[in-house]
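Okay, structure first, notes after.
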Amino acid sequence: MSYLAEYRSKLVSPEAAVKIVRNGDWVDWGAAMAQPYALDKALADRKDELKDIKLRCTLSLKEHEILKADPNGETFNFNSWYFGGIDRKLHDKGLVNHTPMLFRNEPLYYRKSLYDDVDVLMIRVTPMNQHGYFNFHLAVTASLAQCECAKKIIVEVNPKLPWALGGSEECIHISQVDFIVEAESPIATIPAAAPTEIDKRIANIVVDEIVDGSCIQLGIGGMPNTVGTLLAESDLKDLGCQTEMMVDAYYYLYKAGKLTNKFKGIDKGKSTYSFSAGSPFLYEWIDNNPALAACPSNHTNNPYTMALNDNMISINNCLEVDLFGQVSSESSGTRQISGTGGQLDFVTGAYMSKGGKSILCCQSSYIDKQGVLQSRIIPTLPDASIVTVPRTQTHIIITEYGKADLAGRSTWERTERLINIAHPDKRDELIKEAEKMKIWRRTNKLSQAAAR
């Protein structure tokens, strides 16, 4: 059956497509690579004729034309499920609001809570195949759930995008689409940051926690990528992948013959992921690769699903850890840095796995703008900082000074272990603060241990 006639009947210009947006509408864009370019520009051009347009997306990878056209937010109210660097700068200017989420719940948010709040969906897709399907490529995440809720769907077809095999929920059929726009646009790349010497020290400690056959999740950021690169150079074998984000490190593991997925308990033989951002060679590897399975986040980030993989190891970054074991990975006081994303999902699922470990990494300290050494292990989280991982879920914290296994430990044990991996110049100060907070035991072991 040919779908060309239907395709032609729905093919319009970007300017014609965005005419369906009306005052007061909720407009959703896809996540990261799925966010439109031509439709963004066409909608921006309507700024002066529209009012109260509310937009929702995840992880901006480019500067949006609507916000260039509306720098004071008079027409467009922009909202993001997860901040990248661009969103963070916009938030500092008061131009974007954060929408809290657990990444595993994003499809459920649409199907259960936002089912009547998506007036128009604009999403970038691959060219249609012979069966009438468009592919969600590097951003499966919650894309089909958004489509199911949207009153109108506009797809922006880009021939540069790779076709990601599923998995599940990786495609939409032309019969579900209202308008088609053709627009070739860039595919954003995010090269891995060069690791520092401290990053390498932390990564080496992490690698020692991993055994043959482990299933690995690498979070966003330079540190997890550094770990993946070291794994590719290690003697470990038969590693698996269940992750939310497919990054360059997995390609290196594949090239080194380490990524076999041989011992996975679910999706055996396949690397499972929900979205991707990295280098061009990563996208080439993803294109029509049957060894990879793109799935929505309610599959990749489901703790019960990942726990089916023995030796599930999650590796993520964090910003600060307090002496109770509370972890903030997304904010600095009231300043939103990123989002909860999938960190709590994988912290939970990895610990549930037989032999599994949840690892959160951070450098022990940093130099502030005044040139003063500051600790990332602190007595209590600052006022208004968001707790990304509650103390009841925190497992292993690693800095360049070692690891602290906090699971099942009392408050004084947690404090001792965290102080022992803090920067040496900050340990006495942390001991004094812990004593003020009455975190001790009768033998005063806290002070004795730290003194050693």
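Based on the Cβ-Cβ distance from ARG335 to ALA5, what FRET efficiency comes out when R0 is 41 Å, to the nearest 0.05?
E(calc), rounded to 0.05, equals 0.20.
To make sure I understand the rule: partners must be lysines, Cα under 16 Å from the Cα of LYS89, and not fewer than 8 residues away in the same chain. Which ones qualify?
LYS62, LYS68
Return the FRET efficiency for the residue pair ALA188, SER168: r is the Cβ-Cβ distance, R0 is 22 Å, and the value is rounded to the nearest 0.05.
About 0.30, to the nearest 0.05.
What is the fewest-to-most order of LEU121, LEU308, LEU239 by other Cβ atoms lying within 10 Å of their Cβ?
LEU308, LEU121, LEU239
Kindly flag which residue pairs out of LYS160/LYS255; LYS51/LYS112; LYS160/LYS262 have an alpha-carbon separation exceeding 30 Å in this structure.
Going by Cα-Cα distance, LYS160/LYS262 fall outside the 30 Å limit.
With the dipole of the chain worked out from charges on the C-beta (+1 for Lys and Arg, -1 for Asp and Glu) around the Cα centre, which of ASN158, ILE315, GLN35 lies farthest toward the positive end?
Result: ILE315, furthest along the dipole toward the positive end.
Work through the residues other than ASP310 whose Cβ is under 9 Å from its Cβ and net out their charges, Lys, Arg +1 and Asp, Glu -1.
+2
Taking amide H positions as placed 1.01 Å from N in the peptide plane, with prolines and chain starts having none, which residues 5 or more places from GLY240, or on another chain, fall under 5 Å of its amide H?
Those qualifying (amide H under 5 Å, at least 5 residues apart or on another chain) are SER214, CYS215, ILE216, ASN261.
What does the extension gain come out to for MET352 and GLU284, with contour length at 0.36 nm per residue minus their alpha carbon separation?
Taking MET352 through GLU284 to full extension adds about 21.1 nm, to one decimal.
Indicate, rounded to the nearest 5 percent, the antiparallel portion of the DSSP beta bridges found entirely in the stretch 4-182.
10
Let me check I've understood the local charge: for ASP28, count other residues with C-beta under 11 angstrom from its C-beta, Lys and Arg +1, Asp and Glu -1. What total comes out?
With Lys, Arg at +1 and Asp, Glu at -1, the neighbours total +1.
Out of LEU381, ALA256, SER274, whose Cα points farthest toward the positive end of the dipole of the chain (charges: +1 Lys, Arg; -1 Asp, Glu; placed on Cβ)?
LEU381
Tell me what the chain gives for mean residue ellipticity at 222 nm when only DSSP H runs of n ≥ 4 count, each as -39,500 (n - 2.57), the sum divided by the residue total, rounded to 500 deg cm²/dmol.
That calculation yields -7000 deg cm²/dmol at 222 nm.
Given R₀ = 35 Å, FRET efficiency for THR196-ASN97 by Cβ-Cβ distance, to 0.05?
So, using R0 = 35 Å, E works out to roughly 0.60.
Under 20 Å Cα-Cα from LYS237, which aspartates and glutamates qualify once same-chain neighbours fewer than 8 residues away are excluded?
Here the aspartates and glutamates satisfying the reach criterion relative to LYS237 are ASP208, GLU209, ASP212, ASP248, ASP267, ASP310.
Enumerate the calculated ³J(HN,Hα) couplings along the stretch 265-282 in order (Karplus 6.51 cos²θ - 1.76 cosθ + 1.60, θ = phi - 60°), each rounded to whole Hz, writing x wherever the residue is Gly or Pro.
Computed from phi, the couplings for the stretch 265-282 are x, 9, 6, 4, x, 10, 8, 9, 8, 10, 8, 8, 7, x, 9, x, 5, 5 Hz.
Each reported figure results from applying straightforward, stated rules to the coordinates on display, with no laboratory input. All values derive from a computational prediction rather than experimental measurement. Cβ: placed from backbone, ideal geometry, glycine included. Neighbour counts: every protein chain shown.
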